[in-house]
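This report concerns only the one structure given below.
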Amino acid sequence: MQSTQTITELREFVTSNFYIPTELGFDDTSSFLAQGILDSTGVLELVTFVEDRFGISVQDDELVPANFDSLAALCAYVERKQVWR
Amino acid sequence: MTYTGTKPAFTATPAEVDRLVMRLHEVVRHGMRRKGVVLGISGGIDSSVVAALCARAFGACNVLGLTMHEAESSDDTRRLAQVVIDHLGLATIDEPLSPLLTAAGCYERRDAAIRKVVPAYGPGWRCKLVLPSILETEQLRISSVIALSPDGKELRVRLPADAYLQAVAATSFKQRTRKMLEYYHADRLHYAVVGTPNRLEYELGFFVKNGDGAADVKPIAHLYKTEVYQLAELLDIPAEIRARPPTTDTYSLPQSQEEFYFALPYARMDACLRAYDHAVPAAEVAAELGFTIDQVERIYRDIAAKRLVAHYLHAPPVLLD
């Protein structure tokens, strides 16, 4: 359930703050970077959102595509951080 | 001109200099019907080369070089700008920028942005924005501020989105105010404004929209930085200007262009951009430049992301007809 709630909130933030062309066929594993959904400012906005909304602190060495390049990756990262907190 | 891997394809020759000079003259005098040109002189290699081309195209007396230093300009910038002005014999006007920038709130707005993450930031502190190394880490290219306190303590803090955007927006007053002054003098003299971006800057969006990105003609925007250095030698630009490492000279701490924007020192960035533009496989570039394939793929992704941003920066206003 936690996963569903987290990914729903992340999806809501991404789809309401960034332009996603309908032809991209966006889903939870779509690459934010490869599909041009996020530029560097967009990544910064996403980092600020997850820190504020989920009460986690993103370390510099965690700012990698493996954690931030898709909804699924980001959800898994946020939930790992919440467990460690 | 044929492409050969990542090696430069351009060779500066006297004939090429003559071609650029004639084309510049034709574009400004015939196309724009302007009598001369205005440009900002920074003491860097790009504005020095463009100034030399302009002096040949229009005669030094028809080239107005503006020096537009401000409180955070380096001593080197001030000195080298004078070196190139004296060398070329340009007509010059000094336009001190700090009063205009202070009135616009450039420094105060930027400092307020930095105080969001460094609350003590204020008078006597200095700063710059930096990116993580693209060669050493997979880290996403997000800027941090480096702040140096008056007693020498250095802090490095990642900026949240609102602080980053405000710091950059405030700093952009510098480029936009310079351009405003260039157009003032151009209008007054019926001259054209000449821009000084090289290809790395132009193609990858390393400029401020309606700031240093604005000009009537950009004579070296098609040339890679290494090619600009070739031209500089041919145009007899003073050695100390050719030897100076490229700098942004925008923030109060010394800042190289690669730590602020580009992924690599200019010669390697040139090679990678040229390879990217010619769809050279990452493995081939890696072998030639001594990188790993992963590194080249990261550089290619960074180039693609910058070109996406540059698309907006280059776009003219859209008419809804």
Report yes if B:Leu308 is outside the structural domain of B:Lys225 (by TED's automatic domain parsing) and within 22 Å of B:Ala214 (Cα to Cα), otherwise no. no
Please list, ordered by first then second residue, the pairs with beta carbon atoms under 9 Å, 6 or more apart or interchain, first in segment B:110-123 and of a type in the set (Lys, Arg), second in a loop (DSSP other than H, G, I, E, B). B:Arg110/B:Tyr251; B:Arg115/B:Tyr121; B:Arg115/B:Gly122; B:Lys116/B:Leu159; B:Lys116/B:Pro160
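Residue-by-condition table, conditions (1) out of contact with any Cys (no Cβ under 6 Å at 6 or more places or on another chain); (2) touching a residue at least 40 places away in the same chain (Cβ under 8 Å); (3) within 14 Å of chain A (Cβ to nearest Cβ); (4) in a loop (DSSP other than H, G, I, E, B):
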residue	(1), (2), (3), (4)
B:Lys128	yes, yes, no, no
B:Ser133	yes, no, yes, yes
B:Thr137	yes, no, yes, yes
B:Asp151	yes, no, no, yes
B:Val157	yes, yes, yes, no
Condition test on B:Leu181, is it of a type in the set (A, V, I, L, M, F, W, C), closer than 28 Å to B:Ala113 by Cβ and touching a helix residue (DSSP H, G or I) at 6+ places or on another chain (Cβ under 7 Å)? no
Quick check on segment B:307-319. Is at least one of its residues over 30 Å from B:Ala167 (Cβ atoms) and more than 14 Å from chain A (Cβ to nearest Cβ)? yes
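Hey, among the residues in segment B:112-124 that are within 26 Å of the chain's Cα centre (by Cα) and surrounded by 20 or more Cβ atoms within 10 Å (Cβ to Cβ), which one's farthest from the other protein chains (Cβ to nearest Cβ)? Walk me through it before giving the result.
Residues of segment B:112-124 that are within 26 Å of the chain's Cα centre (by Cα), as a first pass: B:112-114.
Narrowing the set further to residues that are surrounded by 20 or more Cβ atoms within 10 Å (Cβ to Cβ) leaves B:113-114.
Working: B:Ala113: 13, B:Ile114: 15 Å.
Out of the qualifying residues, it is B:Ile114.
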Residues in segment B:199-212: is at least one away from chain A (no Cβ under 14 Å), farther than 30 Å from A:Asp60 by Cα and not charged (D, E, K, R)? yes
Can you tell me how many residues in segment A:26-55 are assigned to a loop (DSSP other than H, G, I, E, B) and either within 11 Å of another protein chain (Cβ to nearest Cβ) or surrounded by fewer than 16 Cβ atoms within 10 Å (Cβ to Cβ) (or both)? 13
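Residues A:Val78, A:Val58, A:Val14, A:Val83: which one is within 12 Å of chain B (Cβ to nearest Cβ), among the β-branched types (Val, Ile, Thr) and under 27 Å from B:Val157 (Cβ atoms)?
Numbers: A:Val78 fails: within 12 Å of chain B (Cβ to nearest Cβ); A:Val14 fails: within 12 Å of chain B (Cβ to nearest Cβ); A:Val83 fails: within 12 Å of chain B (Cβ to nearest Cβ).
Step by step, each of A:Val78, A:Val58, A:Val14, A:Val83 is checked, and only A:Val58 is within 12 Å of chain B (Cβ to nearest Cβ), among the β-branched types (Val, Ile, Thr) and under 27 Å from B:Val157 (Cβ atoms).
Would you mind finding the one in B:Arg268, B:Arg298, B:Arg274 that is basic (Lys, Arg), surrounded by 17 or more Cβ atoms within 10 Å (Cβ to Cβ), outside the structural domain of B:Cys127 (by TED's automatic domain parsing) and free of Cβ contacts under 8 Å to residues at least 24 places away in the same chain? Write out each step before concluding.
Numbers: B:Arg298 fails: free of Cβ contacts under 8 Å to residues at least 24 places away in the same chain; B:Arg274 fails: free of Cβ contacts under 8 Å to residues at least 24 places away in the same chain.
Testing whether each residue is basic (Lys, Arg), surrounded by 17 or more Cβ atoms within 10 Å (Cβ to Cβ), outside the structural domain of B:Cys127 (by TED's automatic domain parsing) and free of Cβ contacts under 8 Å to residues at least 24 places away in the same chain leaves just B:Arg268.
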Among the residues of segment B:159-174, what is the count of those that are without any contact (Cβ under 8 Å) to a residue 60 or more places away in the chain and either polar (S, T, N, Q) or within 11 Å of another protein chain (Cβ to nearest Cβ) (or both)? 10
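The values are calculated or read from the model by the stated rules, or taken from the named source; none is laboratory data. Remember, predicted model here, so these are calculated numbers, not experimental data. So basically every Cβ, Gly included, is an ideal-geometry build from the backbone, and we count neighbours across all protein chains shown.
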